[in-house]
Amino acid sequence: MHKHFDPDKRIRKRLISLGLGLCLALPMSACEGGGPGDEVWQPETAKQSTIGPKPTMPVSSVTTAAESTAEASAPIASENDPAHSSAPDGSVANTTEVVTTEAPTTEPTGPTIEVIDTDYECRSELTEEMFDAATTRLGTYNTFRMGQVVKKAQAGEPVTIVMVGQTALTGEGANYPVNSSENLLREYWKEVFPASELRIFRDVASANDPYYAIHRAAMFVALNPDLVTIDYSSVDDGSDEMQRYLENLTHRYLDCDSQPALLFLRFATEEAGDDKDNQRIVCSRYRLPELLFGDAINVALEAEVFTDHAEVISADHFLTDAGHGVFAATLERYFNNIRAAVRSDKINTSYVIPASPIDATQYSGSHIADNENIRPSAKAGIAKGSAVSQDYPNGWTATAPGFEVTFKVTARNFGILYRAVPDPAGAEVDVFLDGVYWKTFSCADMTLSAPCDRGIELFAADSRAAHVVTLRQKTGTAGSFFALLGLLVS
């Protein structure tokens, strides 16, 4: 398992009971503009994160000969085909984020996608019933952005995919590399888009934490993604905070320069009618597709395609070879449907980001700060440096019991990134905001099997203001391990 992510026991049990470790959330998102007649929103420079781990080079990348195919000559459904920038070679530079300042009130409509299986060869035990279960919520979403991804691949241009949330974990678990979902998807891509290079980047570090993912988004936005997949269904507790995080994460990618498509995936079985199912609410509000893999696996179990959950997800919570096969087959078939829709001119002509009752730009300019660009106004028992983390080495670490550190910040929202450990030596930390006790959090989490980086929001406000934030070891507690890796600011 990736060093940055270790789900707690509650999440493991839920995933096992749901029968799916399929970390697939292909989100479809839209950026500024969208199609003929859409108003172009004015760009605004936002502060971007420049610290922390850089996204790794694509875990799957294949370049093929530039051969012409029937796909390349498929009819274009819209005259508006925004230019996409090629992904960089792995380095991350500061970028300018497009922030919505005014949105059109109407959206050109078009036929929604039909479920058509075109040029598809089954690679797994995926049945019609399983695919139907996975696609029951594709009837009303906007297809423009996903159509642009297919058109770009048809034109022989490189396509960059960013995987966020649980979906970022789908690269693990196959017994042999040839059986991995990435390799199967790479083979599919080579077959249907022979001139297009496929690049995949994964944000594994925030696989269980959408709040953390918001602050890491800057480095992935800088890669100019064409497609972003998202899945936080297994940690969606129905809270208002979770809805705010998902809305802002979605909007952050929808509103970036490269205008990526967003595709949501779902580990958990959908609970129809649940008004606290935040991922469902977000998909519905923004007219984004969601593939329900939990439902597909449940159908497979009922039909005895698989006799046990363990056939698709292993005891260590990764996809088995069969699970990778289902994952890849579902994606291939979904892409085939988009290809068929493009050929038959059944793609929406544009996409406009709908209005939201929640402030979906609350975390605009979110970034991660460390001791290279901010210093405490006071500290005791704490020194510069966080050697426990290779990704975030420029934080602060407690050196003595009774530690305390204070920051003066001007922000709308403020949180911290710290190291959680499966050890009772982890400190209990009291948080004081402007001299008043605010909350307590623990660096000890005995459900973990290995240390991990964890983000926690300390406060969220309606407007930007100056605050004094103090972190202090809770009086009377024995644990004194505290590694503050960075500050999450927006």
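The values are calculated or read from the model by the stated rules, or taken from the named source; none is laboratory data. Since this is a predicted model, take the numbers as computed values, not measurements. In this analysis, Cβ positions are derived from the backbone assuming ideal geometry, glycine residues included, and neighbour counts consider all displayed protein chains.
Values as computed for the structure displayed
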| item | result |
| --- | --- |
| Failed item, numbered, when Lys474 is tested on (1) modelled with pLDDT of 95 or more; (2) crowded, with 20+ Cβ neighbours inside 10 Å | (2) |
| Test set (1) closer than 21 Å to Ala398 by Cα; (2) without any contact (Cβ under 8 Å) to a residue 60 or more places away in the chain - Ser463 fails condition number | (1) |
| Test result for Val282, of a type in the set (Val, Ile, Thr), surrounded by 24 or more Cβ atoms within 10 Å (Cβ to Cβ) and either at pLDDT 85 or above or not assigned by TED's automatic domain parsing to the domain that holds Thr135 (or both) | yes |
| Check on Ser356, of a type in the set (S, T, N, Q), over 19 Å from Gly455 (Cβ atoms), in a loop (DSSP other than H, G, I, E, B) and under 25 Å from the mean Cα position of the chain (by Cα) | yes |
| Test: residue in region 190-204 that is under 19 Å from Gly415 (Cβ atoms), in contact (Cβ under 8 Å) with a residue 40 or more places away in the chain and out of contact with any helix residue (DSSP H, G or I) (no Cβ under 7 Å at 6 or more places or on another chain) | no |
| Residue match in region 379-387 (condition: without any contact (Cβ under 8 Å) to a residue 60 or more places away in the chain, part of a loop (DSSP other than H, G, I, E, B), among the hydrophobic types (A, V, I, L, M, F, W, C) and touching a Pro at 6+ places or on another chain (Cβ under 7 Å)) | yes |
| Search result, residues across region 400-447 that are in contact with a Lys or Arg (Cβ under 9 Å, 6 or more places away or on another chain), surrounded by fewer than 21 Cβ atoms within 10 Å (Cβ to Cβ), assigned to a loop (DSSP other than H, G, I, E, B) and not β-branched (Val, Ile, Thr) | Gly402, Asp445 |
| Hits in region 161-181 - residues which are of a type outside the set (A, V, I, L, M), surrounded by fewer than 24 Cβ atoms within 10 Å (Cβ to Cβ) and out of contact with any Leu (no Cβ under 8 Å at 6 or more places or on another chain) | Gly171, Asn175, Tyr176, Pro177, Asn179 |
| Given (1) surrounded by fewer than 16 Cβ atoms within 10 Å (Cβ to Cβ); (2) closer than 19 Å to Val489 by Cα; (3) modelled with pLDDT of 90 or more, number of the condition Asp462 does not satisfy | (3) |
| Options Ser389, Ser377; residue that is at negative phi, touching a Leu at 6+ places or on another chain (Cβ under 6 Å) and either among the polar types (S, T, N, Q) or surrounded by 14 or more Cβ atoms within 10 Å (Cβ to Cβ) (or both) | Ser389 |
| Residue, nearest to Thr143 (Cα to Cα), within region 318-353, restricted to residues that are within 23 Å of the chain's Cα centre (by Cα) and outside the structural domain of Val149 (by TED's automatic domain parsing) | Tyr351 |
| The listed residue being out of contact with any strand residue (DSSP E or B) (no Cβ under 8 Å at 6 or more places or on another chain) and either buried (at least 24 other Cβ atoms within 10 Å of the Cβ) or assigned to a helix (DSSP H, G or I) (or both), out of Leu291, Leu249, Leu301, Leu262 | Leu301 |
| Selection from region 204-230 of residues that are touching a Phe, Trp or Tyr at 6+ places or on another chain (Cβ under 6 Å) and outside any loop (DSSP other than H, G, I, E, B) | Pro210, Tyr211, Ile214, Val228, Ile230 |
| Check on Thr397, surrounded by fewer than 19 Cβ atoms within 10 Å (Cβ to Cβ) and not in a loop (DSSP other than H, G, I, E, B) | no |
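Here's the yes/no breakdown for (1) outside the structural domain of Val282 (by TED's automatic domain parsing); (2) assigned to a helix (DSSP H, G or I); (3) of a type in the set (Gly, Ala, Ser):
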{"position": "Phe131", "(1), (2), (3)": "no, yes, no"}
{"position": "Met146", "(1), (2), (3)": "no, yes, no"}
{"position": "Glu157", "(1), (2), (3)": "no, no, no"}
{"position": "Ala168", "(1), (2), (3)": "no, yes, yes"}
{"position": "Gly173", "(1), (2), (3)": "no, no, yes"}
{"position": "Leu185", "(1), (2), (3)": "no, yes, no"}
{"position": "Tyr188", "(1), (2), (3)": "no, yes, no"}
{"position": "Phe201", "(1), (2), (3)": "no, no, no"}
